[in-house]
Structure formats: C-alpha cells, structure tokens
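Have a look at the structure below before the remarks.
The values are calculated or read from the model by the stated rules, or taken from the named source; none is laboratory data. Being a predicted model, the structure only gives us computed values, none of them experimental. Methodologically, a virtual Cβ is constructed for each residue, glycine included, from the backbone with ideal geometry; neighbour enumeration extends over all protein chains shown.
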Amino acid sequence: MMRSNFRGIDLKAMAGALSLAAVIGGFVSSAHAQQGHAAPGQMGFQEPVTAIAREIQSFHDLLLWMCVIISLFVLALLGYVMVRFNEKANPTPSRTTHSTVLEVAWTVIPVLILVVMAIPSFRLLTHQLVLPEADLTIKVTGKQWYWSYDYPKDQGDFGFDSILKTGADLKADDIRLLSVDNEAVVPVNKTVRLQVVGADVIHSFVVPAFGIRVDAVPGRLNETWFKAEREGLYYGQCSKLCGKDHAYMPIAVRVVSDQQYQAWVAEAKKKFAATPSSSDFADNAAIRQ
Ligand SMILES: [Cu+2]
C-alpha cells in the first residue's frame, strides 16, 4: 500500500515536470485527445464537440498565452534590474522618485489587458447562461452515488438510473471507472437542455467534451445546455466531493443520429416502463413557462 502511494507521488511530480515542459516547449494541446474521454498521458483538453467547449478552450488558450507573456516580461525586467542596477554595475543610484509617464503606463496597460480578457469572458458567460430554444429537455439527478436521467412526457416519459459497471459487467470495449449500465442518449445537432438537481448532497454534472459543468444542488433546479455536433460516447465525472463513492459515479452520454435516437426512445419506453419520469419534472417545467 505504502509503495503504491509513493509511486503515485512520483508520478504526480513527473506529470508536473512534464506539463511544465509542455508549457515551455509550446503547448501540447489536444493532439493526444481521444474522443469522449481522456487518454492515458494526455495533456490539455479533450476534443471539443460543442461550440461552447471550443469557446472555453480558445479562451483558455488566450489567457494562458497572456499569462506566459506577462510572466516572461516580468522575469526579463527582474533580470535586467539584477544585472544593470546591482551595486557593482551601478554604484551611485538615481534619486528619481516619480515618473508621470510610467505611472500612467502601468495603470492604463493593465486596464487594457483586463479589457482584452473581459470581452471574451463575458461573451462566453452569456453563451453559457442564456439558454437557446431547446429541442429536448432532460432532467439529471445526482444521487449518492449514481446519476438518474428523466425524459419528459414528450420524449417518452421514462426515467432510469445510470450506474457504474464493475467486475464481470465490464466488457472488452468498456472503460473501467467510466462505463455505466445505462447511458443517457441524445440526438446529434439538437439543443439539449439539462435540468440538474441533487437528491441528497451536492454533486456536479460535468462533461468536458461538451464544455458543461453544473452543480446538482438539493432543492434547487440548475440548468445548462449543450448541442453536440458529433456522434459518439462522451464521458464525464461527478466533480463535487459528495461522499465515499464520489469517484464511482461517472456520466456517460451517447450522442446518436435522429433515427437511432427515436429507436432508442421506443426501446427505452418499454425497458423503463415501470419508472415514468419523476413527477416534479413536469411541475418544474410548468413553473418555468
Ligand atoms: Cu457526486
């Protein structure tokens, strides 16, 4: 046990050194990204499949470059001061105490930098928070320790639990700690509105490839949306410490064609006939309208 802990620490340190190397040597972005989940050794983000995820990543890239440039600039200034103005090189220091030009410059330039950051930041926030007209709504409930999905009356009126696959249930193409028994299924190129709530404690519904992250809070209905542009199976994980099995309640969303979606709905209606979508779902929808 101890041994594996030490190995874990070593790996972490190595990863830190590697990511630093990546920053210095030009950013390794999503070159290794595999669709829908992180790949071993991957650095950077997962490949985005929504406009929001792309926007998040380009905003991140912009900020990172700005941080790098500012850090290098400050480092260069420090280096210059150390060499040029040390006691030996500069025995009689200047008595200057004020420079209007400098003071205006180091006030105005940072303000301009903040404006450059603020504009894409607010644009992104607006895109995330102003929900477009939704093609379908799914209610997501975080529970200790799994997710439940409810499809409303106009989408078949059923609900089901999505539980981590373990042991013998894991098939060859499943991914350990990510694959679940029942995936949420949505049609491609459709705007999906998610209503997210917690049943017991606070969970957080996150799918990196969609660029969504929303807390599942008991007694509070949160909303987010996504429009997946590519078919595939996309994974996420609960991202708020929610108890002992926090690490074992993954999110799996399968994006399929319209036809496949209709077929899945027909099948799911039969499969989950015993569990109609939770009644407060309809109430919540009514309150919104
Ligand atoms: Cu959780």
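Once the range 202-220 is narrowed to residues that are surrounded by fewer than 17 Cβ atoms within 10 Å (Cβ to Cβ) and in a loop (DSSP other than H, G, I, E, B), the residue that is nearest to the ligand (Cβ to nearest atom) is 202. Of the residues making up the range 120-135, none is within 16 Å of the ligand (Cβ to nearest atom), assigned to a loop (DSSP other than H, G, I, E, B) and either within 30 Å of residue 248 (Cβ to Cβ) or charged (D, E, K, R) (or both). Within the range 148-160, not a single residue is without any contact (Cβ under 8 Å) to a residue 40 or more places away in the chain, part of a loop (DSSP other than H, G, I, E, B), surrounded by fewer than 20 Cβ atoms within 10 Å (Cβ to Cβ) and not polar (S, T, N, Q).
Evaluate the following for residue 146: is it of a type in the set (Phe, Trp, Tyr) and more than 22 Å from the chain's Cα centre (by Cα)? Don't jump to the end; show me each part of the working.
Details: of a type in the set (Phe, Trp, Tyr): yes; more than 22 Å from the chain's Cα centre (by Cα): no.
Here the answer is no, as residue 146 does not meet what is asked.
Figure legend. Inter-residue proximity from the range 203-230: first residues outside the structural domain of residue 57 (by TED's automatic domain parsing) and in contact (Cβ under 8 Å) with a residue 12 or more places away in the chain, second residues aromatic (Phe, Trp, Tyr) and within 12 Å of the ligand (Cβ to nearest atom), beta-carbon distance below 6 Å, spacing 6+ or different chains. Indicated pairs: 214/205; 216/205.
Rundown of residues vs (1) of a type outside the set (Gly, Ala, Ser); (2) surrounded by 17 or more Cβ atoms within 10 Å (Cβ to Cβ); (3) at pLDDT 95 or above; (4) more than 16 Å from the ligand (Cβ to nearest atom), yes/no style:
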{"residue": "197", "(1), (2), (3), (4)": "yes, yes, yes, no"}
{"residue": "225", "(1), (2), (3), (4)": "yes, yes, yes, yes"}
{"residue": "236", "(1), (2), (3), (4)": "no, yes, yes, no"}
{"residue": "240", "(1), (2), (3), (4)": "yes, yes, yes, no"}
{"residue": "245", "(1), (2), (3), (4)": "yes, no, yes, no"}
{"residue": "281", "(1), (2), (3), (4)": "yes, yes, no, yes"}
{"residue": "287", "(1), (2), (3), (4)": "yes, no, no, yes"}
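Regarding the range 172-187, can at least one residue be identified that is within 16 Å of the ligand (Cβ to nearest atom), of a type in the set (A, V, I, L, M, F, W, C), over 25 Å from residue 276 (Cβ atoms) and in contact (Cβ under 8 Å) with a residue 24 or more places away in the chain? Yes, because at least one residue in the range 172-187 is within 16 Å of the ligand (Cβ to nearest atom), of a type in the set (A, V, I, L, M, F, W, C), over 25 Å from residue 276 (Cβ atoms) and in contact (Cβ under 8 Å) with a residue 24 or more places away in the chain.
Identify, from the list 233, 241, the residue that is touching a strand residue (DSSP E or B) at 6+ places or on another chain (Cβ under 6 Å) and aliphatic (A, V, I, L, M). Reasoning before the result, please.
On the way: 241 fails: touching a strand residue (DSSP E or B) at 6+ places or on another chain (Cβ under 6 Å).
The unique qualifying residue is 233.
Going residue by residue through the range 115-125, is there one that turns out to be within 21 Å of the chain's Cα centre (by Cα) and aromatic (Phe, Trp, Tyr)? Scanning the range 115-125, I find at least one residue that is within 21 Å of the chain's Cα centre (by Cα) and aromatic (Phe, Trp, Tyr), so the answer is yes. Total residues in the range 83-97 satisfying the condition of being part of a loop (DSSP other than H, G, I, E, B) and surrounded by 10 or more Cβ atoms within 10 Å (Cβ to Cβ): the figure is 3.
Applying the selection to the range 247-259, what residues are outside any strand (DSSP E or B) and either within 8 Å of residue 187 (Cα to Cα) or within 16 Å of the ligand (Cβ to nearest atom) (or both)? Please lay out each step first, then the result.
Initial filter on the range 247-259 (outside any strand (DSSP E or B)): 247-249, 257-259.
Result: 247, 248, 249, 257, 258.
Looking only at the range 166-195, count how many residues are of a type in the set (Gly, Ala, Ser), surrounded by fewer than 14 Cβ atoms within 10 Å (Cβ to Cβ) and either outside any loop (DSSP other than H, G, I, E, B) or at pLDDT 95 or above (or both). Break it down into steps so the answer makes sense when it comes.
Here is the first cut: in the range 166-195, the ones of a type in the set (Gly, Ala, Ser) are 167-168, 172, 179, 184.
Checking the rest, the ones that are also surrounded by fewer than 14 Cβ atoms within 10 Å (Cβ to Cβ) come to 167-168, 172.
Checking the rest, the ones that are also either outside any loop (DSSP other than H, G, I, E, B) or at pLDDT 95 or above (or both) come to 167-168.
Residues in the range 166-195 being of a type in the set (Gly, Ala, Ser), surrounded by fewer than 14 Cβ atoms within 10 Å (Cβ to Cβ) and either outside any loop (DSSP other than H, G, I, E, B) or at pLDDT 95 or above (or both): 2 in total.
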